[in-house]
Protein chains: 2
Amino acid sequence: MGERVEVLRWGYRKGRDPRITTHLGLVARALGADAFTLAGEDDKELLENLQSVTTRFGGEIETNHVSGISYLRKHVESGGVAVHLTMYGQPYRQAIPKIRRDRPLLIVVGGAKVPAEVFKACQYNIGVGNQPHSEVAALALFMDEWFGGGAAERSFPKAQLIIEGSNQGKIVHDLEREEE
Amino acid sequence: MGERVEVLRWGYRKGRDPRITTHLGLVARALGADAFTLAGEDDKELLENLQSVTTRFGGEIETNHVSGISYLRKHVESGGVAVHLTMYGQPYRQAIPKIRRDRPLLIVVGGAKVPAEVFKACQYNIGVGNQPHSEVAALALFMDEWFGGGAAERSFPKAQLIIEGSNQGKIVHDLEREEE
């Protein structure tokens, strides 16, 4: 199992970011986060959608909305590790082996403008490449490396639906119907 | 170098998908694609933005808009390999070693609804996990695995701007200004 892993979406704007942030939440869940948290504006519908995917496809994820910097600082002050993903950070594959794994991990994923206080509050500012690309891709590559590769292929307990992939396409097991 | 790698965004809708598709284009570029192509609606502005990032951050990427299925079929008929990323496909880490690397590779990234003809036209239907998450994450994880890990950390020739990542944050080299 290991320590708790939480993904914190920094600076969420309901009017502008719902699709990207939904992708972030789904990636967090699919690659093994225990929690997905919004800082910035709240969005109950977005978090409910993530819970609804979890109900259908299995596993558990905590979802919350928090105030932002005070939440991040409290995490660090109480002994947790905070990693901020940014194109201005140190190379992730060099940095990850140096991060201690016996503490809860908070992965902070920013948007366009992340204030300096976030850089300072986190022990690690980590770049998944120093090119402009996507916070969704950065989160996926970071988590995959953190969990040692193949993180997207984990299985989830208590699923109602299980997709069995094949080269021919869709095989869906709807366990609720199969049990009927 | 290796054979040409092209990312094809299937079923692009200008009104709905520009941010996700911009992320796809930036991921394609940052992880080493030679070309990024839209099928569905055209969007000159989106493709110009990708070229503008390339001008500033280096390297080269071809951008095009094509008709869709006839383009895909022609690629396969002329000897190319086509891989469709879908949550209903076979596990990517098992599939990748079986794909021949001496032919141009077309990576087809779908949206919500991809028609059966795409599944049939591609030699490979590949899943990056069988959970709902994000085509941006799927593309990043697939390309990283295809290029053997660390694909996000490649460097780009002829850049105007080079970001040198550090734990303290931003170090930007603006080569045009430094030369002045």
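The values are calculated or read from the model by the stated rules, or taken from the named source; none is laboratory data. Bear in mind the structure is a predicted one, so any value in this text is a computation, not a measurement. Positions of Cβ are backbone-derived with ideal geometry, glycine not excepted, and every protein chain shown enters the neighbour counts.
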Inset, instruction - Say whether the condition of being within 17 Å of the chain's Cα centre (by Cα) and surrounded by fewer than 17 Cβ atoms within 10 Å (Cβ to Cβ) is met by at least one residue in the range B:120-141. - result: no
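What tally of residues in the range A:76-90 results from selecting those that are touching a Gly at 6+ places or on another chain (Cβ under 8 Å) and either of a type outside the set (A, V, I, L, M, F, W, C) or modelled with pLDDT of 95 or more (or both)?
Number satisfying all stated conditions: 6.
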Inset, instruction - Considering only the range A:4-57, state which residues are under 25 Å from A:D174 (Cα atoms), in contact (Cβ under 8 Å) with a residue 12 or more places away in the chain and hydroxyl-bearing (S, T, Y). - result: A:T22, A:T54, A:T55
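Scan the range A:22-48 for residues that are under 15 Å from the mean Cα position of the chain (by Cα) and over 13 Å from B:H133 (Cβ atoms) and report the count. Let's see the steps before the verdict.
Taking the range A:22-48 as the starting set, the residues that turn out to be under 15 Å from the mean Cα position of the chain (by Cα) are A:22-39, A:46-47.
Now restrict to residues that are over 13 Å from B:H133 (Cβ atoms): A:34-35, A:37-39, A:46-47.
Residues flagged as under 15 Å from the mean Cα position of the chain (by Cα) and over 13 Å from B:H133 (Cβ atoms) within the range A:22-48 amount to 7.
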Legend entry - Hey, B:E153 at the interface with another protein chain (Cβ under 8 Å from one of its Cβ atoms) and in contact with a Pro (Cβ under 7 Å, 6 or more places away or on another chain) or not: yes
Legend entry - Residue in the range B:111-129 that is facing another protein chain (nearest Cβ under 8 Å), part of a loop (DSSP other than H, G, I, E, B), more than 16 Å from B:A35 (Cα to Cα) and in contact (Cβ under 8 Å) with a residue 24 or more places away in the chain present: yes
Legend entry - the range B:139-150, residues that are within 8 Å of chain A (Cβ to nearest Cβ) and part of a helix (DSSP H, G or I): B:L139, B:A140, B:L141, B:D144
Inset, instruction - Could you tell me whether B:F36 is buried (at least 19 other Cβ atoms within 10 Å of the Cβ), more than 23 Å from A:V53 (Cα to Cα) and facing another protein chain (nearest Cβ under 9 Å)? - result: no
Legend entry - Residue selected from the range B:57-71 under the condition exposed (fewer than 14 other Cβ atoms within 10 Å of the Cβ) and more than 16 Å from the chain's Cα centre (by Cα), by the criterion modelled with the lowest pLDDT: B:S67
Legend entry - the range B:142-163, subset of a type in the set (A, V, I, L, M, F, W, C) and over 13 Å from the mean Cα position of the chain (by Cα), residue surrounded by the most Cβ atoms within 10 Å (Cβ to Cβ): B:I163
Legend entry - Selected residue (criterion: modelled with the lowest pLDDT) from residues of the range A:151-180 that are among the aliphatic types (A, V, I, L, M) and in a loop (DSSP other than H, G, I, E, B): A:I171
Legend entry - Matching residues, the range B:72-130, being of a type in the set (G, A, S), closer than 25 Å to B:R19 by Cβ and in contact with a Phe, Trp or Tyr (Cβ under 9 Å, 6 or more places away or on another chain): B:G89, B:G110, B:G111, B:G127, B:G129
Inset, instruction - Please go through the range A:26-49 and pick out each residue that is closer than 20 Å to A:V5 by Cα and basic (K, R). - result: A:R29
Legend entry - Selection within the range A:72-113 - crowded, with 17+ Cβ neighbours inside 10 Å, touching a Leu at 6+ places or on another chain (Cβ under 9 Å) and aliphatic (A, V, I, L, M): A:L72, A:V81, A:A82, A:V83, A:L85, A:L106, A:I107, A:V108, A:V109
Inset, instruction - Identify the residue in the range A:52-97 that is more than 14 Å from chain B (Cβ to nearest Cβ) and among the hydrophobic types (A, V, I, L, M, F, W, C) and, among all such residues, is farthest from A:R4 (Cα to Cα). - result: A:I69
